[in-house]
Every structure is written in structure tokens, then in C-alpha cells.
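Visitor: Below is a structure I'd like to ask you about.
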Amino acid sequence: MVEEARNLTEHTSVRERIDSVLRIMGNGFGGTYGKGRPLVDSLEDVAQESLLCGDFALAQRFQRFAGYASGKLYLDTVENYYDERAKRRSEEYMRRMVSMGIERAVAALDALCADNPEASAADANALFRGIARSTEHLGIGSGEGGIQLPAKYLKRLQEYGHMELVLRSLPRPASAEAARMMSDVLAETDAGALAQLIELRARRAGLASLRAAVNNPASSEGALHSCLKNQEWIFGGAYVAELARRQYTPDTILDIPLLRGDGSLHVVELKRANVEKLIIRRSGHLMLGAPAHHAVSQAQNYLRTLDESRQAVLARHGIDVRRASATVVIGHSQYVRESITPP
């Protein structure tokens with residue numbers, strides 16, 4: 001997939017970084033090949049360079065490759081996006097599974113009607129609910145010497161569990177007429193408007209997830225960062241995308257690096273929502289507490305370090321860090337104490 005992706009770009013800088021990935025993987029890509037952190041970093045470098053060249057689809061592709069290399073995505077998931085043959089195999093497998101399920105359902109209904117010609121829809125509903133409950137008691141059995149389920153089948157069970165959650169979340173029309181009306185509406189909807197609606201829905205879901213994390217006093221910085229992943233729109237419309245790479249100098253790991261339209265870097269330093277002594281009162285006056293000052297100083301040190309490393313970062317990653325800026329996101333008013341009334 002990496003080799004095929006190389007043919008999708010005309011940018012020399014992107015191809016050079018893809019070649020670096022292929023060198024790490026090794027000749028023939030078989031047997032023992034280079035992996036681990038160097039491979040993940042190299043894949044993320046391709047994603048970042050693609051962003052800088054304006055090829056967002058290729059950037060997303062290599063972000064997914066990096067997700068697989070770091071163990072966050074299954075290979076099957078990545079193949080379904082970018083390996084047409086694997087995708088066709090997966091689709092055929094799902095079609096056969098659905099077909100087999102439908103055939104069994106028809107056979108069950110035939111048996112029901114044979115035993116009870118006056119069976120109603122309620123009887124069919126009860127029959128299938130009983131079948132669904134009975135599947136929980138199915139098993140492989142111990143067999144001779146016992147049977148241990150291979151890891152790939154455990155992964156399948158995990159995928160089926162995820163599929164079940166997705167299917168449960170799908171909207172169900174109240175009637176056949178409602179389904180027909182929805183089909184008519186979608187057929188007449190402008191694709192751009194529909195895309196905007198989907199994006200709006202995704203943003204609302206992202207905000208709801210972030211709000212839930214903020215309202216949990218035990219939420220860590222990592223939990224908040226997960227909610228803000230690839231949600232650069234929250235910080236305003238001046239940013240093109242969130243960069244894949246978070247480390248540009250040996251002693252600087254950025255929380256959320258954002259790319260501005262002019263190619264420069266903006267750093268978001270993220271802290272917890274529940275911060276003790278975020279606001280304090282001294283001599284009757286309100287002022288920021290030590291945690292806020294520490295966070296600002298940390299962001300300032302990041303900018304200083306990046307500025308000192310400007311030539312090296314620009315040469316290797318194509319990011320102009322001399323004009324970098326920073327935002328500190330820290331605390332929430334609901335956790336303010338010290339007899340201070342939240343605004």
C-alpha cells in the first residue's frame with residue numbers, strides 16, 4: 001500500500017519521505033522488517049509533508065498507516081480503505097454472512113408457519129428474539145485436548161461487538177412510508193449541503209464528548225486531548241489542519257501542533273479542566289494562580305526552543321517555527337474555589 005501511495009503524488013518532497021519509509025521497511029517487505037517507533041515517525045513525516053503540499057487525502061492515508069504501525073488500527077481496517085482486493089474480499093465475506101443469515105431467517109419463518117399457519121408478526125418477533133437470546137449460549141466446546149481461540153478470531157469477536165453497537169445506533173424509520181420519504185429527501189439533497197450537515201453533526205458529537213470530559217473532575221490531559229484530536233476548528237478558522245508529528249526537537253513534545261495557512265506553527269498547550277488554585281485572591285484582588293503561570297512559561301520555553309532550532313526544523317519538516325505562536329488551554333470556571341463566584 002505504501003508503494004502504491006507513492007504513485008499518487010507528484011511532489012518530490014513527499015516521495016522522498018515515502019522512500020524513507022520503504023527503506024525502513026526493507027527490501028521485499030517480507031520476513032523481519034524495520035518497524036517500531038522509527039517506522040511510525042517516518043509515516044507521520046509523510047503525512048505532515050503531504051499536509052504542507054495541500055494533499056489532505058494522502059496525509060490522511062499515511063496517518064492511518066501510522067495508526068496501524070503503532071498498533072492503534074487493525075490491518076483489516078486500513079486494507080478496507082486502500083487495498084481494493086482486500087476490500088472486495090471483505091465485502092464478499094459480509095455479503096455471504098448476510099445472505100446466510102437471511103436464509104436461516106426464512107427457514108425459521110417457514111418452520112413457524114408450518115407449525116402455526118395463523119402465526120402473526122408478534123409470533124415471528126418472539127421467535128427471532130428467542131433465537132437471538134439462544135446464541136449467547138452457543139460455544140465451540142472443549143474438544144479433544146481443549147480448543148484455544150486464535151487471536152484473529154478474538155479480533156473478529158471484537159469487530160462484531162463494535163458492529164452491533166453501530167447497528168444499534170442507526171436511526172430506524174417508524175414506517176415504510178417514512179423510509180420512502182427519507183429516501184426521496186436524500187435523493188434531492190445537494191451533496192455539498194449534505195456534507196455540511198454531516199460535518200456539523202460530527203462537530204456537535206465532538207463538542208458533546210469534550211463537554212463530558214470537562215465535566216468529569218477526574219479527566220486527565222490525555223482524555224481531553226483525545227476529545228480534541230483532529231478538531232482544529234475549535235481553535236478558530238485560521239488553521240489548515242492538526243499536524244501528525246508532535247516532536248520537532250529532542251526536548252519538546254507538543255500537545256496539539258496546528259498548521260496555519262501561511263505554513264507556520266501554532267502550539268496549543270493543554271492542561272486539565274479541574275485545576276486547583278487556578279484563580280486566587282490576594283489582598284482582595286483576583287489573579288491567576290501558579291498553575292496558569294507555569295503553563296504559560298512552559299509554552300514560552302517551547303517557542304524559544306523551536307526558534308533556536310528554526311533552520312533544522314525547516315530543513316527536515318518544512319515547518320517555519322520562527323513565527324510560531326501558542327495558546328494555553330487550562331481550567332474551567334466550574335472548578336474555581338477560594339470563595340470566588342464563577343462568571
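Visitor: What value does the stretch 199-333 have for Rg/Rh, both radii from Cα atoms and Rh as Kirkwood defines it?
Guide: Reported Rg/Rh, Kirkwood definition of Rh: 1.00.
Visitor: Further, regarding this structure: Amide H neighbours of D320 under 5 Å, counting only residues 5+ apart in sequence or on other chains, H built in-plane at 1.01 Å?
Guide: L265
Visitor: Along Cα→Cβ, 7 Å out, is where each label goes; now give me the distance between the ones at S264 and I280 in nm to one decimal.
Guide: If labels sit at S264 and I280, their model points lie 3.4 nm apart.
Visitor: Carbon-plus-sulfur fraction of the accessible area of the stretch 211-343, 1.4 Å probe, in percent?
Guide: Reported share for carbon and sulfur atoms: 51 percent.
Visitor: Counting only residues 5 or more places away or on other chains, whose amide H sits under 5 Å from the amide H of G289 once H atoms are built in the peptide plane?
Guide: Long-range HN contacts for G289: I279, I280.
Visitor: Give the accessible surface of the stretch 230-325 per residue, rounded to a whole number of Å², with probe radius 1.4 Å and ligands, DNA and RNA excluded.
Guide: Accessible surface, normalised per residue, equals 51 Å².
Visitor: Using the charge dipole of the stretch 1-108 (Lys, Arg: +1 at Cβ; Asp, Glu: -1 at Cβ; taken about the Cα centre), state which of G101, S20, F62 has its Cα farthest towards the positive end.
Guide: Of the candidates, G101 comes out farthest on the positive side.
Visitor: OK, next. Just the number: Rg to Rh for the stretch 54-126, Cα atoms, Kirkwood Rh, two decimals.
Guide: Using only Cα positions, Rg/Rh for the stretch 54-126 is 1.35.
Visitor: Sticking with this structure for a sec: Under the Karplus relation 6.51 cos²θ - 1.76 cosθ + 1.60, θ = phi - 60°, what is the ordered set of whole-Hz ³J(HN,Hα) values for the stretch 320-335, x standing for Gly and Pro?
Guide: For the stretch 320-335, the Karplus-derived couplings read 8, 9, 5, 9, 5, 9, 8, 10, 9, 10, 8, x, 9, 4, 5, 9 Hz, x marking Gly and Pro.
Visitor: Tell me the accessible surface of L58 in square angstrom (1.4 angstrom probe, heavy atoms of protein chains only), to the nearest ten.
Guide: In the full protein context, L58 sits at about 10 Å².
Visitor: Hey, another quick one. Among 201-207, 277-283, 49-55, how do they line up from the highest to the lowest mean number of other beta-carbon atoms within 10 Å?
Guide: Listed from highest to lowest mean packing, they are 49-55, 277-283, 201-207.
Visitor: HN-Hα J couplings of the stretch 5-18 from phi, Karplus 6.51/-1.76/1.60, θ = phi - 60°, integer Hz, Gly and Pro as x?
Guide: Coupling constants for the stretch 5-18: 5, 4, 7, 8, 10, 9, 7, 4, 5, 5, 4, 4, 6, 5 Hz.
Visitor: How big is the dipole moment of the stretch 228-343 about its Cα centre under a simple scheme where the beta carbon of each Lys and Arg is +1, that of each Asp and Glu is -1, and everything else is neutral? Debye, nearest 20, please.
Guide: 180
Visitor: Along the stretch 208-222, what does the Karplus equation 6.51 cos²θ - 1.76 cosθ + 1.60 (θ = phi - 60°) give for ³J(HN,Hα), rounded to whole Hz, x for Gly and Pro?
Guide: Result, rounded to whole Hz: 5, 5, 5, 4, 5, 5, 5, 6, 8, x, 8, 4, 8, 4, x.
Visitor: As a test of reading the structure, rank H225, H294 by solvent-accessible area (1.4 Å probe, protein chains only), most first.
Guide: My answer, sorted largest first, is H294, H225.
Visitor: Here is a follow-up. Please name whichever of L258, A299, L288 sits farthest to the positive end of the charge dipole of the stretch 250-302, dipole taken about the Cα centre and charges placed at Cβ: Lys and Arg +1, Asp and Glu -1.
Guide: L288
Visitor: Can you list residues from other chains, or at least 5 along the same chain, whose modelled amide H is less than 5 Å from the amide H of E269?
Guide: Here the answer is T327, V328, V329, since their amide H atoms fall under 5 Å of that of E269.
Visitor: What accessible surface, in Å², does a 1.4 Å probe find on D110, ignoring ligands, DNA and RNA and rounding to the nearest 10?
Guide: Rounded to the nearest 10, that gives 100 Å².
Visitor: Turning to a different aspect of this structure: Can you sort Y74, Y248, Y81 by 1.4 Å-probe accessible area, starting with the largest?
Guide: Result of the area sort, largest leading: Y81, Y74, Y248.
Visitor: Let me ask something additional. Using R₀ = 25 Å, calculate the FRET efficiency as 1/(1 + (r/R₀)^6) where r is the Cβ-Cβ separation of M97 and F128; round to 0.05.
Guide: The calculated FRET efficiency here is 0.90.
Visitor: Continuing with this model, one more query. What length, rounded to one decimal in nm, is gained on full extension from D251 through to A202, with 0.36 nm per residue of separation minus their alpha-carbon distance?
Guide: Fully extending the segment from D251 to A202 adds 14.2 nm.
The values are calculated or read from the model by the stated rules, or taken from the named source; none is laboratory data. Model, not experiment: these values are computed from the prediction. When we count neighbours, we look across all protein chains shown, and the Cβ atoms used for this are built from the backbone with ideal geometry, even at glycine. Heads up: the accessible areas ignore ligands, DNA and RNA and are worked out on the full protein's heavy atoms, side chains in. Shrake-Rupley method; radii C 1.70, N 1.55, O 1.52, S 1.80 Å.
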